[in-house]
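Some notes on the structure that comes next.
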Amino acid sequence: MKIRVALPAADPPDNLQGSANAPSTLLSKQMSGLRFSSMPLERPVPLALCRVTTQRLRKLVATLISLEVAVTIGSISSNEVWPRLRESRSEGWAEHRSVASTPRPPREQWMDVLRGLAIVLVLALHATLVVERHGVEPWARLVALNQVLAPYRMPMLMLLSGLLLERAMRKGWRRYYEGKLDKLVYPLVVWTTISLAVIGPDLGLADPRSYLGPYHLWFILFLGIFYAVAPLLERVNTAVVVLACLVASGLSPDGSKYGERLFVLMAFFFLGHALAKRQEFLGHLTTLRAVLLALPVALALSAYAVIEGGAVVYGPLLFLPVVCGIVVLIFIVRVAIKHGLGQTLAFMGRNSLVFYVSHYPLMFWVMGAALGMGVSLPIIFALSMMTTLGAGTLLVILAAKWGVVRALFERPRSSQISFIAKRI
């Protein structure tokens, strides 16, 4: 049996009782195929007592017509319905997290633009680091630019990821973890293999640390850890989680990657999660008045980063100044969007994973070839940026068309694997 239901404007009556005088033969035939075995009455009601007034009967008919109950061959049974309902309810942590009951909110453009801007800043930083890997002193002006923006790159990416956590957890725990395995853990493994093959391990193939987020992939590893523990902290106040992360960061050894850095970036991740729940507060943070208060703090932090030689201090003492800098950047991005700017950055932000995981090994190869030909550093920087951005864009386009390319960034299903094998 197939049923098509369109909800009426008002709630139907709580108790729908039968009548000895059926409104029509068609209605009685349609209702005869329905069995309400899942809602039994406490005691049988005699048919003679089920009398309704003409007005009540008209309301009943109007309700059934508005519901557009179309019954075809066969009948519906509670044995067919309730197992599906139980399965859908078990998908999430609570009934209110159902995808059907909670519509997906529209994607914020300023988040995509800001994430795209952060990706460009990361590429600019890695352009200097890759040159150093080849034993060459990086371009001085690019180094100065990286020092000014050093405190904001990775915390901003983590905060933006935290802003999307609430939306991801609405899918239910099963789809949530499957999605993270498919789109975080899987590409981490794939691009760890590719990066180690192109660049080579820093600590040797026998050292397990060589496979824990090497080079730029430590960010994907951290992000996977944060997404993994987020559902476990669902019932804990988010402010408490942020404070605990900052305390753990302060107690960790200075400069430790899996201590100080991990916990302070986790604080930014859950700060984004907290702001996603309080959109009004986020709006107040990015007003002109708030930005004018945050701007001097952000400038002072950038000056401090330049004085310190660009050394990023991931400790908890700089947490609030970094937040001030991110607030200023959000305001600038929103103003740019109002003037019709940022479309290219928005494209990069929507496909940030592709640009992030693919750029480093390609940049290493391009810079190595250019240095071997004696090209000057400014030209090498421009060439590497254009190559990585162009290659990232091409990979996004090809991944949308070809499953073979898409398999570099998302775990393919069994049916997709069979199709790819046939094409190969």
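Taking the highest mean first, how do the peptides 388-394, 200-206, 228-234 order by number of other beta carbon atoms within 10 angstrom per residue?
On the way: 388-394: 17.0, 200-206: 11.1, 228-234: 14.0.
By packing density, highest mean first, the sequence is 388-394, 228-234, 200-206.
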All other residues with a Cβ under 15 Å from the Cβ of M154 taken together, and with Lys, Arg as +1 and Asp, Glu as -1, what is their net charge?
+3
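How much length is gained if the chain between Q279 and A369 is pulled fully straight, taking 0.36 nm per residue apart and subtracting their Cα-Cα distance, in nm to one decimal?
On the way: separation 90, 0.36 × 90 = 32.40 nm, distance 4.79 nm.
Roughly 27.6 nm would be gained on extension.
If we count every other residue with Cβ under 13 angstrom of F219's Cβ, Lys/Arg +1 and Asp/Glu -1, where does the sum land? Mind dumping the intermediate values first?
Values: positive: R115, R153, K257, R261; negative: none.
Net local charge, F219 excluded: +4.
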Global geometry of the stretch 109-414, whether rounded, prolate or oblate, following the gyration tensor of its Cα atoms and the 1.5 cut on a/c
rounded
Calculate, in nm to one decimal, what R133 and N237 gain on full extension: separation in residues at 0.36 nm each, minus their alpha carbon distance.
33.1 nm
Pairwise label distance in nanometres, V405 with D182, each label 7 Å out on the Cα-Cβ vector:
2.0
Quick one: Cα centre-to-centre distance for the stretch 169-248 and the stretch 293-356, in angstrom?
22
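Only the coordinates and a few stated rules stand behind these numbers; no lab work does. Because the structure is predicted, anything quoted here is derived from the model rather than measured. FYI the Cβ positions are ideal-geometry reconstructions off the backbone, even for glycines, and counts take in every protein chain you see.
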